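Enquirer: Quick one: the structure is below, and I'll ask about it shortly.
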Amino acid sequence: MKSQFLTRRVARSRSFPRPLVLLSLSALAIHVASADTFRWSGGSSTDPTDFNDPDNWTFYLGGTPGSGDEAFFQVDATANLYSDTTVGRVELSTKYANVREVTVDTNGNTLTLDLITSATANAGTGSATLNLKGNVVFAASQPSIQAGTTGRVVFDSGTLTSTGGSSLPFYGGGVVELKSTAVGSGIGSVNISGGTELNITGTSSIAGNLRLEGGTSLALGGTDTLDLTGDIYTISASSTAADWVIDLAGTSPNTSLINAVDINITNIDLDLSNVPSYTATDVPYVLATYTGTLTGDEFASISGLGGHQIVYNFGPSSNQIAIIPEIGHATPLLGGLLPLLMVRSRRRRGPAVGAK
């Protein structure tokens, strides 16, 4: 019976040296269960950005990374897929070199990751960003994304699906960004832990639940929107609260930044990093809209409100969390509408900007 490893490597290598054929199959079989690391060199004279060109990778038997293998970047690079591609994981690290940004662009194809730690940005003492642009499939039974303390993993303009586990943990203490990206089928829950920040840019969605552990953050604002078909809630009773970090600069009034079914704001701090001056005083800024229920009397703490106030169960349907100017700052039109809009609502006035 032929060794699977031997068959696989012969297929990958464009020129298999004859003396190596004499190696015993038992020696080669030692490597079958372990993942191999392919290091990006970008050395192809044909296309130094082609992910599928063996000349762009360094490996002792040649070829390109495949299922179960690690595609490792320790230099800045852009790698383009020209066909559907499966690897174990994609990793970048500044531990041994000065890598700052790596982009793997699927170019309309699909990148499948089949190891448990599916994508990693280990920034070491510096900062580094791993951009995965396009459609990504997680095929491991328990996939996860690790963003090191100063690392950033960005999913850009694609759909994330899973044929393995039903949850997708983001951890490591850095930033994971959904940039105009949909978390779709097979992923019932996105779990944020370990002090990690989930950053939303553009219009992104999660077809499931969002679970925030104490000490983690959900950050968005401006023209950003997060749509969930499920719920938002915390997953631990830790004394450390999770954060919503909302930058309202550039936000269109009356546009809901977060849309979900049930929202639980128990043990969640609200950081309003940038509340615009009274540029649109006749309409509210809607932080969140829920079609189910709002749990939690109010945010654990609020910073940055200034002359504004938070209103819970806001609007004619009493299903929004909104920020509006305090009554004294509202125009006569808004002042007249507030009693109608705030039926069954709870208000919380803001402390001085920066207070907590």
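Enquirer: May I ask you to verify whether Gly126 is surrounded by fewer than 20 Cβ atoms within 10 Å (Cβ to Cβ), more than 14 Å from Ser67 (Cβ to Cβ), at pLDDT 95 or above and out of contact with any Leu (no Cβ under 8 Å at 6 or more places or on another chain)?
Expert: no
Enquirer: Search the stretch 55-64 for residues being surrounded by 15 or more Cβ atoms within 10 Å (Cβ to Cβ) and part of a loop (DSSP other than H, G, I, E, B), and hand back the single one that is modelled with the lowest pLDDT.
Expert: Selected residue: Leu61.
Enquirer: Of these, Thr161, Thr120, Thr106, which one is of a type in the set (Ser, Thr, Tyr), over 17 Å from Val183 (Cα atoms) and in a strand (DSSP E or B)?
Expert: Thr120
Enquirer: Still on this model: Quickly run through the stretch 61-76 and pick out the residues that are touching a strand residue (DSSP E or B) at 6+ places or on another chain (Cβ under 9 Å) and of a type in the set (A, V, I, L, M, F, W, C).
Expert: Across the stretch 61-76, the qualifying residues are Ala71, Phe72, Phe73, Val75.
Enquirer: I've got another one for you. Which of the residues spanning the stretch 317-337 are surrounded by 20 or more Cβ atoms within 10 Å (Cβ to Cβ) and either at pLDDT 90 or above or assigned to a helix (DSSP H, G or I) (or both)?
Expert: Those that are surrounded by 20 or more Cβ atoms within 10 Å (Cβ to Cβ) and either at pLDDT 90 or above or assigned to a helix (DSSP H, G or I) (or both): Gln320, Ile321, Ala322, Ile323.
Matching residues to (1) within 26 Å of Ser317 (Cβ to Cβ); (2) over 13 Å from the mean Cα position of the chain (by Cα):
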residue	(1), (2)
Gly174	no, no
Leu210	yes, no
Ala219	no, no
Thr229	yes, yes
Ser252	yes, yes
Pro276	yes, yes
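Enquirer: Pairs please, first residue from the stretch 34-53 and on the phi < 0 side of the Ramachandran plot and part of a loop (DSSP other than H, G, I, E, B), second anywhere and among the aromatic types (Phe, Trp, Tyr) and surrounded by fewer than 17 Cβ atoms within 10 Å (Cβ to Cβ), Cβ atoms under 8 Å, 6+ apart in sequence or on different chains.
Expert: Matching pairs, first to second residue: Phe51/Tyr82; Asn52/Tyr82.
Enquirer: Taking strands (runs of 3 or more DSSP E) that do not extend beyond the stretch 193-261, which have at least 3 residues that are at pLDDT 95 or above?
Expert: Hits in the stretch 193-261: 197-201, 203-206, 209-212, 217-221, 225-228, 242-247, 258-260.
Enquirer: Now for a different question. Of the residues that sit in the stretch 43-54 and are under 27 Å from the mean Cα position of the chain (by Cα) and of a type outside the set (S, T, N, Q), which one is surrounded by the most Cβ atoms within 10 Å (Cβ to Cβ)?
Expert: Selected residue: Phe51.
Enquirer: Continuing with this model, one more query. From the list Val261, Val176, Val190, which residue is aliphatic (A, V, I, L, M), free of Cβ contacts under 8 Å to residues at least 40 places away in the same chain and surrounded by fewer than 19 Cβ atoms within 10 Å (Cβ to Cβ)?
Expert: Checking each option against the conditions leaves just Val261.
Enquirer: Within the stretch 75-101, work out how many residues are assigned to a loop (DSSP other than H, G, I, E, B) and surrounded by fewer than 18 Cβ atoms within 10 Å (Cβ to Cβ).
Expert: Residues that pass the stated criteria total 10.
Enquirer: If you take the residues in the stretch 228-244 that are among the β-branched types (Val, Ile, Thr) and closer than 19 Å to Gln320 by Cβ, which one is surrounded by the most Cβ atoms within 10 Å (Cβ to Cβ)?
Expert: Restricting to residues being among the β-branched types (Val, Ile, Thr) and closer than 19 Å to Gln320 by Cβ, the top hit is Ile232.
Enquirer: Let me ask another. Quick check on this structure: which one of Leu305, Leu257 is more than 19 Å from Thr225 (Cα to Cα) and not basic (Lys, Arg)?
Expert: Testing whether each residue is more than 19 Å from Thr225 (Cα to Cα) and not basic (Lys, Arg) leaves just Leu305.
Enquirer: While we're on this one: Of the residues in the stretch 288-316, how many are surrounded by fewer than 17 Cβ atoms within 10 Å (Cβ to Cβ) and either in a strand (DSSP E or B) or modelled with pLDDT of 95 or more (or both)?
Expert: 5
The values are calculated or read from the model by the stated rules, or taken from the named source; none is laboratory data. The shown structure was predicted, so the numbers you read here are calculated from the model rather than taken from an experiment. Please note: Cβ atoms are built from the backbone with ideal geometry, for glycine as well, and neighbour counts cover all protein chains shown.
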